[in-house]
Amino acid sequence: MSDMGDGAGLLVAQDEVVELASELIRIDTTNTGNPSTVVGERAAAEWVAEKLAEVGYETTYVESGAKGRGNVIARLAGADRSRGALLVHGHLDVVPADPSEWSVHPFSGAVQDGYVWGRGAVDMKDMVAMSLAVARRFKRDGVVPPRDIVFAFLADEEAGGFFGAKWLVENRPELFEGVTEAISEVGGFSITLKDDARAYLIETAEKGIRWLTLRVRGTAGHGSMIHRDNAVAKLAEAVTKLGRHQFPLVIRPSVREFLDGVTEITGWDFPDEDIEGAVGKLGALSRMIGATLRDTANPTMLSAGYKANVIPSVAQATVDCRILPGREEAFDRELAELLGPDVEREWVGLPPVETTFDGALVDAMAASITAEDPGAKVLPYMLSGGTDAKSFQQLGIRNFGFAPLRLPADLDFSALFHGVDERVPVDALKFGVRVLERFLRNS
Ligand SMILES: [Zn+2]
């Protein structure tokens, strides 16, 4: 039985999403990146499992590679089980927050001034709460979606998913059997361009991540003497060279489509000869869109030596490299040429992600947005950072960032990610539930 015409169940979902987000923020799930100091993922996963079980879901709890790294997976059967399933995933962990910098305690989940406040409010306990509210509504009201939906609530995204999505994909792929497409962060949010024209950005691509270690060897010796083979000096040269290097401008289709869409709405031009200057017109968003025009390599850590008068034999640096889809081999060649054979290179990383902005799923996203915000445009874009989509791509799943939020024009949304006073508008959460519900009922 289904009550698809009845709005009462949807009202309940919109009401409870605020409390769900707030409660979830109150569970501190700080991921320091150091597996020995991560907290709360198990408690959060158990809380999610309880919320799902309460309305009749069967849930699977899995620890991904280490004790306490909790994940919860639940499947809702669709009308046509022969169709590929849709994965709705969200991570439960958050980055650290220093309470002394915040207006409210980052783990208070305070609901005030029209916002839910706290670490994770936009990254991404908002979407977790929205997904939960819709999952609960469907089960409570007997709504059968067109195809299977797999809900996954995951650990360790903030440290690359090595103890979360990546581990599950490599060790428990059967949990995602039959899944062909997925939605999650970071997309579906609105930006306001000129004259109150809103566009919603769907993430269709992500740069790849390479955390690169550079190592240079020299001859150890006494700091007082003439010395021509100093590892520290050689490393400093390499780091400076790489830090100042500009990789070539490459406009991927997702970036081109985004810029063309903005031109259509605003009339702004983005000419190739000054594309970076032109992207500045996007305001706060230009920090991220600007980073999707080229590969980047930002040195972040240096280490060498242990005493003022001892020249060490080794020096090393860490460089955070972000690589455009299709550029991985070219990036390697460019790096080798730039640094030469004496700089050893080692890296861990995750691949770029890219899909096209078309097909039935994209149409359903656009339709569910415009049903709630008529006249809004829906555009693809490339995320400069990374998400668990990188891991799900390994299973051949087509990934989108679609966590719908209608945001106030003056909110610097991208600054809230990992930022101080992270918060999400209550209205945006309710909007998100309505959009997500319609989308999942029609996909
Ligand atoms: Zn996130």
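Readers should treat all values here as calculations from the given coordinates under stated rules, not as data from a laboratory. The shown structure was predicted, so the numbers you read here are calculated from the model rather than taken from an experiment. Heads up, the Cβs are rebuilt from the backbone with ideal geometry, glycines too, and the neighbour counts pull from every protein chain shown.
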Checklist entry - To the nearest 10 degrees, how steeply does helix 360-372 sit against the main Cα axis of the chain, on a 0 to 90 scale? => result 70 degrees
Checklist entry - Rounded, prolate or oblate: which fits segment 205-350, taking a ≥ b ≥ c as square roots of the Cα gyration tensor eigenvalues, rounded meaning a/c under 1.5, else prolate when a/b beats b/c? => result prolate
Next on the checklist: If I model a spin label at residue 300 and residue 32 as a point 7 Å from the Cα along the Cα→Cβ vector, what separation in nanometres do I get?
Outcome noted: 1.7 nm
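Can you list, largest first and rounded to whole Å, the semi-axes you get for the chain by taking the square root of 5 times each eigenvalue of its Cα gyration tensor? Numbers along the way, then the final one.
Numbers: eigenvalues 323, 132, 85 Å².
So the three semi-axes of the chain are 40, 26, 21 Å.
Taking a ≥ b ≥ c as the square roots of the Cα gyration tensor eigenvalues, with a/c under 1.5 meaning rounded and otherwise prolate when a/b beats b/c, else oblate, which class fits segment 345-443? Display every interim value, and only then the final one.
On the way: a/c = 2.24, a/b = 1.24, b/c = 1.81.
Judged from the Cα gyration tensor, segment 345-443 comes out oblate (a/c at least 1.5, b/c at or above a/b).
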Checklist entry - Taking amide H positions as placed 1.01 Å from N in the peptide plane, with prolines and chain starts having none, which residues 5 or more places from residue 209, or on another chain, fall under 5 Å of its amide H? => result 323, 350
Next on the checklist: Amide H of residue 398 versus every other amide H placed in the peptide plane: which residues, excluding those fewer than 5 positions away on the same chain, fall under 5 Å?
Outcome noted: 181, 182
Checklist entry - Any idea which of 311, 335, 299 is furthest toward the positive side of the dipole for segment 294-343, if Lys and Arg beta-carbons carry +1 and Asp and Glu beta-carbons -1? => result 311
Checklist entry - Which distance in Å, rounded to a whole number, links the C-alpha centroids of segment 234-268 and segment 62-87? => result 36 Å
Checklist entry - Once the dipole of the chain is set up with Lys and Arg at +1 and Asp and Glu at -1 on Cβ about the Cα centre, which of 124, 61, 79 lies farthest towards its positive end? => result 61
Checklist outcome for this item: Answer in debye to the nearest 20: the dipole magnitude of segment 195-265 about its Cα centre, from +1 Lys/Arg and -1 Asp/Glu charges placed on Cβ, is 800 debye
Checklist entry - Magnitude of the Cβ-charge dipole of the chain, K/R +1 and D/E -1, about the Cα centre, nearest 20 debye? => result 880 debye
Checklist entry - Label residue 264 and residue 144 with points 7 Å out from Cα along Cα→Cβ: what is the distance between them in nm? => result 3.7 nm
Checklist entry - Reachable lysines from residue 281, Cα under 23 Å, same-chain residues fewer than 8 places away excluded? => result 194, 207, 377
Next on the checklist: How high is the relative contact order of the chain? Use alpha-carbon pairs under 8 Å, at least six apart in sequence, and give a whole percent.
Outcome noted: 24 percent
Checklist entry - In nm, to one decimal, how far is the modelled label at residue 226 from the one at residue 420, with both set 7 Å along Cα→Cβ? => result 5.3 nm
Item to check | Karplus-derived 3J(HN,Hα), 6.51/-1.76/1.60, for each residue of segment 223-233, Hz, glycine and proline x | outcome: x, 8, 9, 4, 8, 9, 10, 8, 4, 5, 5
Checklist outcome for this item: Counting only residues 5 or more apart in sequence or on a different chain, those whose built amide H sits under 5 Å from that of residue 57 are none
Checklist entry - In debye, nearest 20: dipole of segment 114-163 around its Cα centre with unit charges on the Cβ of K, R (+) and D, E (-)? => result 360 debye
Checklist entry - Taking only Cα atoms, what is the 0 to 90° angle, nearest 10, from helix 426-441's long axis to the longest principal axis of the chain? => result 70 degrees
